[in-house]
Every structure is written in structure tokens, then in C-alpha cells.
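Below is one structure, written out as C-alpha cells; the observations come after it.
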Amino acid sequence: MFICYPDYCPRFKCIADKCSDTCCRGWEICIDEASLERYRQVDGDIGRRLKESIITDDDGAHFVLSDDERCPFLNSSNLCDLYIELGKYALCGICTDHPRFRSFFSDRTEIGVGLCCEAAAEIILTEKKPLHIVPEVPFSDNMIEKAILQIRGMLFKLCESGDPFVALRKCCALAIAAQDMLADSDFSGISSLYESFSGYSYAVEEISDADIISVLKTMESISPEWDEMLQKLSEGHYRTEINAENELLRLAEYFIFRHFPEALSDGDIVSKAYFAYFAVSAVKMFWGAYLYDKGTLTLNDKINGAKLFSKGAEYSEENMQRAYEIV
């Protein structure tokens, strides 16, 4: 079993109290069975706090959040009292793993870091070269997996340089053609798809700003910041002339890397390609709202826009499903 990941992943490190946000607020923090058993054995004041701060219901064990949705062990300095008192191995699985995500194949597990974390977002947005997955390993004998990975590799290639939105429209067109091949279990023509769809004439039509806003407005609200952003977009308070070609291409690769493997379970590669187009378009509009308000667009603005979209879409099954329906 291979463990594969974008080559920028080893650079990721939680920045703890230096983060302008915290991943220990606003989420239900579930506790895995192994961690729960360890917590039951802890004595002293921290053991008492653990017993008082954990409940078990139909969804399993989780921490009881405060009225402002903070983890009970997140102190006033935005540091974890469990980590401070008991060490990093005291953290439960979800706290240890976040913001990592995984995609599972028969011969490999892919690991990435999510845009909801500003440290991860900064790494992704400031990466200067196209996405490269390491280690490089041969495809498995599973024909569906091999086909999906081959197609995803072609989408990566389309997103290496140039106009990000032309590239994403080409990605959607290629996925539409490949979808029929997957449906018919005819893999013979997949290897030649890139040559056909690298030409501009094969790109699908643009998704309008109005369509992007319409889909965003169907999504479940995740925060006041989300609501405020949608209000700005609805009122046309955003600018479109944003010079961020490299950052948008790196975002396109991220969304394709993260979500394309979901086609292994539902067989739908077209919605995954269109989601990448939708997601990059939405993040650009978020950036445009910051630019409209401030007259300038900083790296922190780009990080915050990407993070806001990721939190609102990628961490809600309901919102992801609504985004997939843009096709």
C-alpha cells in the first residue's frame, strides 16, 4: 500500500496560536473510541475536566462546546490545554489529523491538506510549480481506478499554465467525453484524450457569475462571514479584474486532487470537474469582494477567501451535493 501526497504537504505545520482563526471552534469535535478509552484513565484536574466535557449520544462521543462554540480545552490564548498538560499524543484522532484528508484506492492512500486551514491555504496559494504527487508509483490493475487516475492526470496537465478558466472549461469538456467511456467500460481511448481536448475549441461554455451566486445561495449558511459574503456578491459588490493566474491554477489542481477520486464511489467524473470550475470561480469572486471593499488584494485576503469557501462547501455534505448539481 503506497501513501501518496502533493509534494508540498511535508511543509505543512500547524501554526497554533499564531493562526488568525482556530479549528477548535464552530465544529463538532468527535472522539474516537481509542482516545475515549485513554481519556477515561486520566486522573487529576484534567481528568475531571475531561469527564465533565464529554457526552455520548446517538452520534457517538464528542466534546461539549461552549456557548460560543469553542472546544472546552481551547484556552484564552487559542492553545489546547490537553496538548499542554498531556502532550500531543493525548489529542483525539480528528484533532491530530485535521486539516488532512484522504482518498482510498486499492493500492494507495492519497493524503492532502485542506484549504479550510490558513497555513495549508498559504502553502497551496504560494506554490509556484504545478502539482506533483509523490511518490510516483505505477497504476494498479483495477481498470476503473487506473482510468480515473489517468483522466485526473490529464486535468492536472491542462491546469499547469495559461488562463485558469479556459483550462477548467477544457477539463469539463474532457470529463464529459471520458464519462461515456467509463459508462461503457471502454478504456481503449482514454490515453489519447488529452491531445484532443488540449485545444481551445473543445472547451465547454462559461458558467456565469449569476449561476455561481445562485448555487451559493442554495447552500446552508455556515457563519455570519459566509452570509455577509453572499450579500456582497448578490449586490454586485465585487470586482472581476484580478491578476492571480498562478494562485487560481493551484486552486484548480487542489480541488481536482481532492474531489476527483470521489468518482470511484458514484462513477460521476463530470460533476467533479465542474465542481473545480465552480469552486475556483467562487473563490475568485470572494477575492473580488475584498478588492471592491479595500481597493487592494493581499495574500491574507486570498487565504481568507479560499478558507471561507472551503469551510462553507467542502465540510458540508449537503453543500457539496448542491455544488455538484451545477452541471
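The values are calculated or read from the model by the stated rules, or taken from the named source; none is laboratory data. It should be emphasised that the depicted structure is a prediction, and the values quoted were computed from it without experimental measurement. Don't worry about glycine lacking a Cβ; one is built from the backbone with ideal geometry, like all the others, and counts go over all protein chains shown.
Do any residues in the range 10-30 that are under 11 Å from ASN78 (Cα atoms) have Cβ atoms under 7 Å from those of residues that are basic (Lys, Arg) and surrounded by 14 or more Cβ atoms within 10 Å (Cβ to Cβ), where the two are at least six apart or on different chains, and which pairs are they?
Partner pairs satisfying both residue conditions: CYS24/ARG70; ARG25/ARG70.
Of all residues in the range 91-114, which are more than 24 Å from SER20 (Cα to Cα) and not charged (D, E, K, R)? Even if it seems obvious, please write down each step before you answer.
From the range 91-114, those more than 24 Å from SER20 (Cα to Cα) are 102-111; that's our starting set.
Matches in the range 91-114: SER103, PHE104, PHE105, SER106, THR109, ILE111.
Which one of ILE31, ILE15 is in contact with a strand residue (DSSP E or B) (Cβ under 8 Å, 6 or more places away or on another chain) and of a type in the set (A, V, I, L, M)? First the steps, then the outcome.
Details: ILE15 fails: in contact with a strand residue (DSSP E or B) (Cβ under 8 Å, 6 or more places away or on another chain).
On inspection, the qualifying residue turns out to be ILE31.
Just name the residue that is farthest from ALA252 (Cα to Cα) out of those in the range 167-185 that are surrounded by fewer than 17 Cβ atoms within 10 Å (Cβ to Cβ) and among the charged types (D, E, K, R).
It comes out as ASP184.
Of the numbered conditions (1) buried (at least 22 other Cβ atoms within 10 Å of the Cβ); (2) assigned to a loop (DSSP other than H, G, I, E, B), ASP268 fails exactly one; give the number of that condition.
For ASP268, the failing item is (1).
Look at TYR292 and say whether it is of a type in the set (Phe, Trp, Tyr), in the same structural domain as GLN179 (by TED's automatic domain parsing), buried (at least 22 other Cβ atoms within 10 Å of the Cβ) and touching a residue at least 24 places away in the same chain (Cβ under 8 Å). Outline the logic, then answer.
Values: of a type in the set (Phe, Trp, Tyr): yes; in the same structural domain as GLN179 (by TED's automatic domain parsing): yes; buried (at least 22 other Cβ atoms within 10 Å of the Cβ): no; touching a residue at least 24 places away in the same chain (Cβ under 8 Å): yes.
So TYR292 fails the test.
Which of (1) acidic (Asp, Glu); (2) outside the structural domain of ILE84 (by TED's automatic domain parsing); (3) modelled with pLDDT of 90 or more does ASP17 not meet, given it meets every other one?
Going through (1) acidic (Asp, Glu); (2) outside the structural domain of ILE84 (by TED's automatic domain parsing); (3) modelled with pLDDT of 90 or more one by one, ASP17 breaks only (3).
Which residue, of ASN243, ASN304, is within 30 Å of ASP7 (Cα to Cα) and more than 21 Å from the chain's Cα centre (by Cα)?
Details: ASN304 fails: more than 21 Å from the chain's Cα centre (by Cα).
None of the others qualify; the one that does is ASN243.
Can you tell me how many residues in the range 54-72 are in a loop (DSSP other than H, G, I, E, B) and either closer than 11 Å to LEU36 by Cα or of a type in the set (Val, Ile, Thr) (or both)? Talk me through it step by step, then tell me what you get.
From the range 54-72, those in a loop (DSSP other than H, G, I, E, B) are 58-59, 64-69, 71-72; that's our starting set.
Imposing the further condition that a residue be either closer than 11 Å to LEU36 by Cα or of a type in the set (Val, Ile, Thr) (or both) reduces the set to 64.
Residues in the range 54-72 being in a loop (DSSP other than H, G, I, E, B) and either closer than 11 Å to LEU36 by Cα or of a type in the set (Val, Ile, Thr) (or both): 1 in total.
Considering only the range 42-72, state which residues are over 30 Å from the mean Cα position of the chain (by Cα) and farther than 14 Å from LEU91 by Cα. Walk me through how you get there before you give the answer.
Of the residues in the range 42-72, the ones over 30 Å from the mean Cα position of the chain (by Cα) are 42-52.
If the condition is that a residue be over 30 Å from the mean Cα position of the chain (by Cα) and farther than 14 Å from LEU91 by Cα, then ASP43, GLY44, ASP45, ARG48, ARG49, LYS51, GLU52 are the ones that fit.
Within the range 231-255, how many residues are outside any loop (DSSP other than H, G, I, E, B) and either out of contact with any Lys or Arg (no Cβ under 9 Å at 6 or more places or on another chain) or crowded, with 16+ Cβ neighbours inside 10 Å (or both)? Before the answer, list the steps.
Filtering the range 231-255 for residues outside any loop (DSSP other than H, G, I, E, B) gives 231-234, 245-255.
Right, trim to either out of contact with any Lys or Arg (no Cβ under 9 Å at 6 or more places or on another chain) or crowded, with 16+ Cβ neighbours inside 10 Å (or both) and you get 231-233, 245-255.
The total comes to 14.
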